[in-house]
Amino acid sequence: MLNISHNQLNKKVTLEGYTSFNKSFTSKHNALFSRFLGVFAIIVFIILFLPWTQNVSGNGFVTTLTPDQRPQTIQSPIPGKLEKWFVQEGDFVKKGDTILFISEIKNEYQDPRLLERTNEQRDAKSRSVVSYQEKIKALENQVGALVNERQLKSLQGKNKLKQARFKVTSDSIDYKASQTNLKIAERQLKRTVTLQEEGLKAITDVEEKRLKFQESQAKLIGQENKLLASQNEVLNAQLELNRISAEYADKIAKSRSDRFTAESMQFDTEAQVSKLENQSANYSIRNSLLYITAPQNGYINKAIKGGIGETFKEGEPLVGIMPSNYDLAVETFVYPIDLPLMHLGESVRIQFDGWPAIFFSGWPNASFGTYAGKVVAIETFISDNGKFRILIAPDTEEEAWPENVRVGSGAYTIALLEDVPIWFEIWRQLNGFPPNYYRPDSKISKTEQKK
């Protein structure tokens, strides 16, 4: 009481006659209470020096060790319409089992004989390629025949040219002989005229020589005409030889041009055949995509698109599947301030949701119902929740994790760090300091160990 009133009861009323007063204010009880306080203080002092394991806690959930073992959704790479379901939710399917049949919704793929007609077009184009190949062979043979014919015609023209040149040579010799005969006839005529003037020859002899001179002149003119004609034949033979070369060069060039055109058409047709083969393969693969199959062994979790006749776009999830064979792991999150304390191979204690546990975070050896794990992966980029993701695998040297733990269930994790006294941990918590920074023994180099 504060004793504010002037009427103080303790001065007017005595308590010595009451039994409770006698039990409360005896020296015996005071001694027992003092002894109890002393023993309690000693126990508390001893407890302050007991070892305490520092830890980094985090909340996470059960997942799988590898990405291909985690729950997934099955999508269709093409848009379509649901036609028929072959499974129910909860069914077990093997890899390759048909789950769903869909149909096309795009107009360009709705022809039921699209693949067959595409193959017919491809076969027709393939036959066109064969025709062009035969045409190219025929044109190559034609070019060869024209080359041979040109050689023969050229040889024939060269022979004619040689004959004409030989004839020119022969006519030239005859022309020279005619010139010589003309000179002889002229000298004979002059001598006969001189002798006739001297009276040694008769006029008839002069007339004979003059006639012979005129005949020699006529023969000279005739031989000159023949020589010019022979020279003209040489020119004609040369022109014919050039004409043959030009004519067959034109024919060969035209045949080769036709062959190149046929080759171009063949290449274009082959490109069309290749394009049709590509389309045929794409249509064949697209037809196989109408049956949605299981990518691996697992259980059908949920039909995301359920109604018959319901349409969907490519890439939309249709059904969820959970693999049947998987290795459990725990995905947990720690604060950035605690990330330097986490190392690969770090020991972690895990408490699963739904599994009763008696857990002392600072005394893991005294805990019950927790399971051991090892850190196998540490994310190097912060997650959306502002924490860093840690992946924990079972510790094979400790007790195995419960068989009935399912992927997606919650988990509480505690990474075990250094052992410190309890008083140090209380002081650290009161001041808001992080746990002691340390590295596992396997991470310390030999040089640092020597130091």
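Here are the numbers for this structure:
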read-out: Qualifying position, being more than 33 Å from the chain's Cα centre (by Cα) and either on the phi < 0 side of the Ramachandran plot or not assigned by TED's automatic domain parsing to the domain that holds Thr413 (or both), among Lys84, Lys125; value: Lys84
read-out: Residue count for the range 280-334, restricted to those that are among the small types (Gly, Ala, Ser) and closer than 30 Å to Ala124 by Cβ; value: 4
read-out: Residue satisfying all of: in the range 192-243; basic (Lys, Arg) and in contact with a helix residue (DSSP H, G or I) (Cβ under 8 Å, 6 or more places away or on another chain); farthest from Ser178 (Cα to Cα) among these; value: Lys201
read-out: Selected residue (only one of Leu139, Leu115, Leu155, Leu146 is aliphatic (A, V, I, L, M), in a helix (DSSP H, G or I) and either within 30 Å of Asn282 (Cβ to Cβ) or in contact with a strand residue (DSSP E or B) (Cβ under 8 Å, 6 or more places away or on another chain) (or both)); value: Leu115
read-out: Subset of the range 304-320 (residues that are surrounded by 14 or more Cβ atoms within 10 Å (Cβ to Cβ) and more than 18 Å from Leu289 (Cα to Cα)); value: Ile304
read-out: So Asn242, is it free of Cβ contacts under 8 Å to residues at least 40 places away in the same chain, within 30 Å of Lys158 (Cα to Cα) and more than 60 Å from the chain's Cα centre (by Cα); value: yes
read-out: Conditions (1) surrounded by fewer than 17 Cβ atoms within 10 Å (Cβ to Cβ); (2) at pLDDT 90 or above; (3) not in a strand (DSSP E or B); number of the one not met by Val87; value: (1)
read-out: Condition met for Ile382 (modelled with pLDDT of 85 or more and assigned to a strand (DSSP E or B)); value: no
read-out: Selection count where residues are over 11 Å from Leu290 (Cβ atoms) and among the small types (Gly, Ala, Ser), scope the range 72-115; value: 2
read-out: Thr293 without any contact (Cβ under 8 Å) to a residue 60 or more places away in the chain, under 30 Å from Arg117 (Cβ atoms) and surrounded by 14 or more Cβ atoms within 10 Å (Cβ to Cβ); value: no
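Every residue, every condition in (1) in a helix (DSSP H, G or I); (2) at pLDDT below 85; (3) assigned by TED's automatic domain parsing to the domain that holds Lys160; (4) of a type outside the set (Gly, Ala, Ser), yes or no:
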site: Glu207; (1), (2), (3), (4): yes, yes, yes, yes
site: Leu220; (1), (2), (3), (4): yes, yes, yes, yes
site: Asn225; (1), (2), (3), (4): yes, no, yes, yes
site: Asn232; (1), (2), (3), (4): yes, no, yes, yes
site: Leu239; (1), (2), (3), (4): yes, no, yes, yes
site: Asp250; (1), (2), (3), (4): yes, no, yes, yes
site: Ala253; (1), (2), (3), (4): yes, no, yes, no
site: Asp258; (1), (2), (3), (4): yes, no, yes, yes
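So that you can scan it fast, the table gives a plain yes or no per residue for (1) assigned to a strand (DSSP E or B); (2) at pLDDT 90 or above; (3) not assigned by TED's automatic domain parsing to the domain that holds Gly410:
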| position | (1), (2), (3) |
| --- | --- |
| Ile300 | yes, yes, yes |
| Gly315 | no, no, yes |
| Gly345 | no, no, no |
| Arg349 | yes, no, no |
| Trp355 | no, no, no |
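The values are calculated or read from the model by the stated rules, or taken from the named source; none is laboratory data. Owing to the predicted nature of the structure, the values given are computational and were not obtained by experimental measurement. Neighbour counts are summed over all protein chains in view; Cβ atoms, including those assigned to glycine, are modelled from backbone coordinates with ideal geometry.
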